[in-house]
Amino acid sequence: MEVILKQDVEHLGFANDVVKVRDGYARNFLLPRGLAVAATTSERKQLSETLKQRAHKEAKVRAEADKNAEALASKTIKIGAKVGEKGRIFGSVNTIMLSDAFKLLGVDIDRKYIKLKGEAIKTIGKYEAEVTFHRDVVKAIPFEVVEE
């Protein structure tokens, strides 16, 4: 069954995408929760009109996302953490901490759009995170975990 997504759905697609999913997934999960609508002829026409109207706005949003990505990539992002013996952190660095660090630099990114590369970060050092600024703008942002 083909559906038109009304919201971003992780591992499936972004809002206004037409995706093919299994019938049960659409009927039992996507449609009842309002995440998607069935891709009928009239819904497709309505989607195409909506996309035409949003094209100009989308260009501005993408330009802003590119600007934010370049701004974060050029800055040194440091995250402070309490450190025990041998440079091990009490707990671990997570996406919430990264999101807060980005806010301090003036870029507001929700933590669900940040993915840490590799395993949990439990030692001080340099790492990278994959950040989705826009559906077409995904950038690897380096950051450093330092002792507080």
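Rundown of residues vs (1) under 18 Å from the mean Cα position of the chain (by Cα); (2) among the polar types (S, T, N, Q); (3) not in a helix (DSSP H, G or I), yes/no style:
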residue: Glu49; (1), (2), (3): no, no, no
residue: Ala63; (1), (2), (3): yes, no, no
residue: Ser92; (1), (2), (3): no, yes, yes
residue: Gly106; (1), (2), (3): yes, no, yes
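Kindly indicate whether any position in the stretch 8-18 is among the aliphatic types (A, V, I, L, M), in contact (Cβ under 8 Å) with a residue 24 or more places away in the chain, surrounded by fewer than 16 Cβ atoms within 10 Å (Cβ to Cβ) and closer than 30 Å to Gly125 by Cβ. Checking the stretch 8-18: not a single residue is among the aliphatic types (A, V, I, L, M), in contact (Cβ under 8 Å) with a residue 24 or more places away in the chain, surrounded by fewer than 16 Cβ atoms within 10 Å (Cβ to Cβ) and closer than 30 Å to Gly125 by Cβ.
Only a single item in (1) loosely packed, with under 10 Cβ neighbours inside 10 Å; (2) of a type outside the set (Phe, Trp, Tyr); (3) in a strand (DSSP E or B) is not met by Glu119, and it is number (3). Against the criterion of being in contact (Cβ under 8 Å) with a residue 24 or more places away in the chain and of a type outside the set (Ser, Thr, Tyr), Ala65 qualifies. Among the residues of the stretch 56-77, those identified as closer than 17 Å to Lys126 by Cβ and surrounded by 11 or more Cβ atoms within 10 Å (Cβ to Cβ) are Leu72, Ala73, Lys75, Ile77. Residue-level check: of (1) under 19 Å from the mean Cα position of the chain (by Cα); (2) among the acidic types (Asp, Glu); (3) loosely packed, with under 10 Cβ neighbours inside 10 Å, Asp23 misses just (1).
Taken over the stretch 109-138, the residue count meeting the criterion of being in contact (Cβ under 8 Å) with a residue 24 or more places away in the chain and over 28 Å from Val83 (Cβ atoms) is 5. Within the stretch 1-47, the set of residues being under 29 Å from Lys115 (Cα atoms), out of contact with any helix residue (DSSP H, G or I) (no Cβ under 7 Å at 6 or more places or on another chain) and part of a strand (DSSP E or B) comprises Glu2, Leu5, Val9, Gly13, Val18, Val19, Lys20. For the stretch 78-116, taking the residues that are more than 27 Å from Phe14 (Cα to Cα) and among the small types (Gly, Ala, Ser), the one that is surrounded by the fewest Cβ atoms within 10 Å (Cβ to Cβ) is identified as Gly84.
A short reminder: the numbers here are calculations on the coordinates, not readings from a lab. Because the structure is predicted, anything quoted here is derived from the model rather than measured. Methodologically, a virtual Cβ is constructed for each residue, glycine included, from the backbone with ideal geometry; neighbour enumeration extends over all protein chains shown.
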